[in-house]
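The values are calculated or read from the model by the stated rules, or taken from the named source; none is laboratory data. These numbers were taken from a predicted model, which means no experiment stands behind them. All Cβ positions, even for glycine, are placed from backbone atoms using ideal geometry, and neighbour counts span all protein chains on display.
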Amino acid sequence: MTRNISRRDALKVLGAGSGLLLVHCGPIKPPQGEKEKSDYDWEKHSYAYVVDTTRCIGCCACMRACRAENDVPPGVFRTWVERYEVDEAGEVRVDAATHDDFVFGTTDTKVSKAFFVPKLCNHCKKSVCNQVCPVGAAYRTKDGVVLVDHDRCIGCGYCVQACPYGSRFISPRTHMAEKCTLCYHRITRGEKPACVASCPKGARIFGDLRDPQSEISVILKQQRFRVLKPEMGTQPNCYYLGLDREVV
Amino acid sequence: MDYVFPNELNVTWTVMIVLYPYITGLVAGAFIVSSLYHVFGRHELEPVARFSLVSAFVFLLFAPLPLLMHLGHPERALSIMVTPNFSSAMAGFGFIYNTYLVLVVLEVWFVMRGQFIARAKGTGPIAFACRAILLFNLDESAETRRVDHKIATFLAGLGIPLACLLHGYVGFLFGSLKANPWWSTALMFVIFIFSAIVSGISVLIFHTFVVAWINGWEVEEKCIRALGKYLWGFMIIAVSLELLEILSIAYKQTEEWEVLERLISEKLFISYVVLQFGLFSLVPFVFLAITALVPLGKRLTHALIWLASVMLLMQVLLMRWNVVIGGQLLSKSMRGFTSYFPGLFEREGLVVAAIIFTAPFLILWGFNRVVPLFPHAVSKVRTGMN
Amino acid sequence: MSKYRHAVSVFVVLGVVVIAAAIARNLAIPDTFGEFGHYRGAAPAQAREFPLRHVGADVCADCHDKQKSLHDKDAHSRVPCETCHGPGAEHVKAEGDAPMRRPTAKSDCLVCHQRLAARPGSFPQIDADVHFAFVGVKDPSTPCVSCHDPHEPLYMDRDVRTARLHPAIHRCRDCHQGTMAEGTVKPERHPVTFECNYCHPAIVADFAKRTHAHVACTTCHLYFRESEYAGRIIRDADPRFCLLCHRAAPFRSANAPKTIDWPSHRDKVASGPTDAKKGCVDCHRDRIHTVGTPVRGAVKGAQL
């Protein structure tokens, strides 16, 4: 019965092959105990960021510092400052100083209330961008920073669409997703992010929540703060003081 | 005053991402027609069954092209299968697409085996290629053909949920994105599937008529009438779902309605209200209703069905455009809109889109030269009678 | 031949292809992938390896301690060096050879100090033409640095960080960001705010009779808000502060305040080395307010 045997044989081959497949389905695990050669331990830190909108004067020093520190190409922004002007009739006018070396100009609005709101990546605890990255190039570090792996990003743009805050963009230089990294290269060396370090009014505050004496821990324990778009369920890790209802 | 987040001025998902679901939609629709014949025994569709299957296959081959044009790093495209992040709908693409491709290739192989064998019996490079495709087994005994038929039927049945998955996951990809109020709806998955079927049937009707016109063949009337009825039924469902989605948003009027209303009435008025729903839904509905319910002469019926198919092709393309581009015109600041015009000669421009869209038709023509897709086509009787 | 043989051969080919693809896939997965989550474990370490471009003011002070010490005591003390001068890492690496930005144009100062409705009212901001009219500058292109040293913009005579605390001084614009017409009267239910004459009635009454009566108290008594409730106040007795308005210069307008040339004025009126250390207020109390202004030793001929 050569015909039946050849069918059986074929099935055996296929069965063995599927077994091999199942065994190799998972990723190859790295050897245990292999740590990076550095003395920075990310388990010891939990970073957070506070924006005090009552102090911001809209000088945009943060935008210039970020651009210089991180080589951000023109036309895209890792951080930016918005200006809200509410006039006497209650109409709201919003703009951002994204042209001309980041300087806000005068307007002829008959202002009754106006303020600046710095914006940046919120480094959400349940970030949508990490959820939707198809190749695992978007991730959140154990110390609370959402980053992009530039060795794996394919530039599909799904994370850009998924971010409710408009924090992400496809870099015109690298054609990959890019965004604020909280100056990870600075904060892991004990420095502040460039935007925080350059703000002359202390409107941007950065710190380690693991340190109960840090400015940020004290602020978050004692002051009233809000986050942007809480209804999205992203649990942003960037907290705003003095946020007006017009800010989205 | 309009305000758009600084990073939203440029639209990330361009006309390539409009084209991709459009093409997979054509695939899904054409495959469903083929399966209506192979699985559900709709024999009046026999004349187009082969053609629809191979159309599905050829369009499927071209489906990844718009994506490759769009990716910032297309050379890393295979990462989507090496380290897929299954919490992402997009990660499904690699596996769903390849599984479905394998299935369609197999089904084409089993269904068209007879024609391949006929072609393989000659001499020359093409005949050799056909023999290689057949894995050098030219057995065409009746038993073997019955096995072919059984397997093809099984594959056609298995392919229906896979086709729905291939196209539906794109709908889910959009519908699950909570950040974008224009996209975020549970209905998106279903809307995409049904409008895909509409576009698939439409392209078959359109293409069948064009092929028949070029070659001077008769168009089988029972087949076209049946396709017209299916098209009518599926378009009613598809348009109803699309209407249901927008009416639901317009009725609930949650916070984002203020800006969505402006999106519809300002930026998308022509493409969404006037064209997608007005002209290209209403008129095909009327035409197909007439051809389904009113007994008319053959030429008029065929003309109306053909026109309806052209308009529905436009309707589905516009629906993809309005969803993909419309959702990105709207800023997440909920305060304004950006604008988008696909360039002409850029990598993601209109010329590339046109090439990607027309190439499958050329490949189909080439396929037909090797293995006929309309083996029972009858030339038109030239006595001038209907 | 078996009727299934062709089907079997196709599926075997398919099986081989799938297995080969699975093996290739596993070989392609990066080594550290999955170590901490669904991403490449080596990625965070790579993210730390970018060069730092900003160095921080403490590094600037290593060489530029003179400017830094002036800067730290004055009104710009909280403005980091690199905010105006740009990132310093290149300059430090080149040991001073790579030049830094020196923003001395009027537009550079106006980046922060242009009056904008959205800026907090307590922040010092000007409309350039209004400011120039007040201090008597006729040429609108005059850069701010003609009078204000950026590292010592107000020539404070003491460190602003340790100056005397004072209850919160509110100006209308601190809360009313829109244009407040001059002379608008507070309605009855206006929030309580300190007015200078509540605690200093004699001084205010005296001041109102003299030549500087049109100048707001806080123009010369520099107030720096530290919190909602209190701030630091300085009575700047440094002559260079008065000279901001009163220094003779080619860009002065016709209706500028009375101007002098310092130090020739000082040399003219000083009768000894102790006098040379005195400031304008020591002799010219009668121009501002004699009540409450301490005298540090009169100069011959002074109008007290």
### Query
What do you reckon, is C:A237 closer than 16 Å to C:G292 by Cβ, crowded, with 18+ Cβ neighbours inside 10 Å and in contact with a helix residue (DSSP H, G or I) (Cβ under 8 Å, 6 or more places away or on another chain)?
yes
### Query
Could you list, in sequence order, the residues of the stretch A:190-248 that are on the phi > 0 side of the Ramachandran plot and more than 17 Å from the chain's Cα centre (by Cα)?
A:G190, A:G202, A:G242
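Would you confirm, using the coordinates I've provided, whether C:F132 is under 24 Å from A:K113 (Cα atoms) and surrounded by 16 or more Cβ atoms within 10 Å (Cβ to Cβ)?
So C:F132 fails the test.
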### Message
Being at pLDDT 95 or above, within 22 Å of the chain's Cα centre (by Cα) and surrounded by fewer than 19 Cβ atoms within 10 Å (Cβ to Cβ): is that true of B:L101 here?
### Response
yes
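Within the stretch C:54-105, can you find the residues that are within 18 Å of A:I57 (Cα to Cα) and not β-branched (V, I, T)?
C:A75, C:H76, C:S77, C:R78, C:P80, C:C81, C:E82, C:C84
Each row is one residue, and each column tells you yes or no for (1) at pLDDT below 95; (2) aliphatic (A, V, I, L, M); (3) within 20 Å of B:L312 (Cβ to Cβ).
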position: B:G29; (1), (2), (3): yes, no, yes
position: B:Y37; (1), (2), (3): yes, no, no
position: B:F40; (1), (2), (3): yes, no, no
position: B:H43; (1), (2), (3): yes, no, no
position: B:S52; (1), (2), (3): yes, no, yes
position: B:F62; (1), (2), (3): no, no, no
position: B:L65; (1), (2), (3): no, yes, no
position: B:M69; (1), (2), (3): no, yes, no
position: B:E75; (1), (2), (3): no, no, no
### Query
For the stretch B:312-324, how many residues are surrounded by 21 or more Cβ atoms within 10 Å (Cβ to Cβ) and without any contact (Cβ under 8 Å) to a residue 60 or more places away in the chain?
2
### Query
Can you tell me which residues in the stretch C:225-250 are closer than 17 Å to C:H131 by Cα and within 25 Å of the chain's Cα centre (by Cα)?
C:F241, C:C242, C:L243, C:L244, C:C245, C:H246, C:R247
#### Entry: Residues of the stretch A:71-109 satisfying the condition of being among the charged types (D, E, K, R) and more than 10 Å from chain B (Cβ to nearest Cβ)
A:D71, A:D87, A:E88, A:D100, A:D101, A:D108
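Quick grid of which residues meet (1) under 27 Å from B:W257 (Cα atoms); (2) at pLDDT below 95; (3) away from chain A (no Cβ under 14 Å):
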{"site": "B:V294", "(1), (2), (3)": "no, yes, yes"}
{"site": "B:L307", "(1), (2), (3)": "no, no, yes"}
{"site": "B:I325", "(1), (2), (3)": "yes, no, no"}
{"site": "B:A353", "(1), (2), (3)": "no, no, yes"}
{"site": "B:N386", "(1), (2), (3)": "no, yes, yes"}
## Note on the structure
Of all helices (runs of 4 or more DSSP H) fully inside the stretch B:12-98, the set with 1 or more residues that are surrounded by fewer than 21 Cβ atoms within 10 Å (Cβ to Cβ) is B:46-62, B:64-70, B:79-82
#### Entry: Index of the failed condition, C:F36 passing every other in (1) in contact with a strand residue (DSSP E or B) (Cβ under 9 Å, 6 or more places away or on another chain); (2) at the interface with chain A (Cβ under 9 Å from one of its Cβ atoms); (3) more than 30 Å from A:A137 (Cα to Cα)
(3)
### Query
Out of the stretch A:144-164, which residues are under 20 Å from A:G233 (Cα atoms) and either of a type in the set (A, V, I, L, M) or more than 8 Å from chain B (Cβ to nearest Cβ) (or both)?
A:G144, A:V145, A:V146, A:L147, A:C159, A:V160, A:A162
### Query
If you take the residues of the stretch A:154-176 that are closer than 16 Å to A:Q131 by Cα and over 15 Å from the mean Cα position of the chain (by Cα), which of them is surrounded by the fewest Cβ atoms within 10 Å (Cβ to Cβ)?
A:G155
### Query
Of all residues in the stretch C:115-170 being of a type in the set (D, E, K, R), in a loop (DSSP other than H, G, I, E, B) and free of Cβ contacts under 8 Å to residues at least 60 places away in the same chain, which is nearest to C:E226 (Cα to Cα)?
C:R119
### Query
Would the stretch A:14-27 turn up any residue that is modelled with pLDDT of 90 or more, surrounded by fewer than 20 Cβ atoms within 10 Å (Cβ to Cβ) and within 10 Å of chain C (Cβ to nearest Cβ)?
no
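Can you pull out every residue in the stretch C:87-114 that is in a loop (DSSP other than H, G, I, E, B) and under 15 Å from the mean Cα position of the chain (by Cα)?
Across the stretch C:87-114, the qualifying residues are C:P103, C:T104.
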### Query
Mind checking whether some residue in the stretch C:134-157 is within 14 Å of chain A (Cβ to nearest Cβ) and within 30 Å of C:C199 (Cβ to Cβ)?
yes
### Message
Can you tell me which of (1) among the aliphatic types (A, V, I, L, M); (2) without any contact (Cβ under 8 Å) to a residue 12 or more places away in the chain; (3) surrounded by fewer than 17 Cβ atoms within 10 Å (Cβ to Cβ); (4) more than 30 Å from C:L154 (Cβ to Cβ) is the one C:L52 doesn't meet?
### Response
(2)
### Task
Looking only at the stretch B:325-340, decide whether some residue is more than 23 Å from B:L173 (Cα to Cα), surrounded by fewer than 18 Cβ atoms within 10 Å (Cβ to Cβ) and of a type outside the set (K, R).
yes
### Within the stretch A:165-203, tally of residues that are under 13 Å from A:C121 (Cβ atoms) and away from chain B (no Cβ under 14 Å)
6
### Message
I'd like to know if the stretch B:255-267 contains one or more residues that are within 22 Å of the chain's Cα centre (by Cα), assigned to a helix (DSSP H, G or I) and within 14 Å of B:G326 (Cα to Cα).
### Response
no
### Query
Residues B:P74, B:P47, B:P64: which one is within 14 Å of chain A (Cβ to nearest Cβ), closer than 25 Å to B:N368 by Cα and not hydroxyl-bearing (S, T, Y)?
B:P64
### Task
Return the residue satisfying two criteria in turn: it lies in the stretch C:57-85 and is at the interface with another protein chain (Cβ under 7 Å from one of its Cβ atoms) and at pLDDT 95 or above, and of such residues it is nearest to C:E152 (Cα to Cα).
C:V79
#### Entry: Verdict on B:F174 being of a type in the set (F, W, Y), assigned to a helix (DSSP H, G or I) and touching a Gly at 6+ places or on another chain (Cβ under 8 Å)
yes
### Summary
Reported set for the stretch B:154-205 where residues are polar (S, T, N, Q) and either without any contact (Cβ under 8 Å) to a residue 24 or more places away in the chain or within 14 Å of chain A (Cβ to nearest Cβ) (or both) is B:S176, B:N180, B:S184
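In this structure, does B:V351 turn out to be part of a helix (DSSP H, G or I), β-branched (V, I, T) and over 19 Å from the mean Cα position of the chain (by Cα)?
The answer is yes for B:V351.
Anything in the stretch C:23-46 that is part of a helix (DSSP H, G or I), hydrophobic (A, V, I, L, M, F, W, C) and surrounded by fewer than 18 Cβ atoms within 10 Å (Cβ to Cβ)? List them, or say none.
Within the stretch C:23-46, the first condition is being part of a helix (DSSP H, G or I), and the residues that meet it are C:23-28, C:43-46.
From the residues that got through so far, the ones that are hydrophobic (A, V, I, L, M, F, W, C) too are C:23-24, C:27-28, C:43, C:45.
Across the stretch C:23-46, the qualifying residues are C:I23, C:A24, C:L27, C:A28, C:A45.
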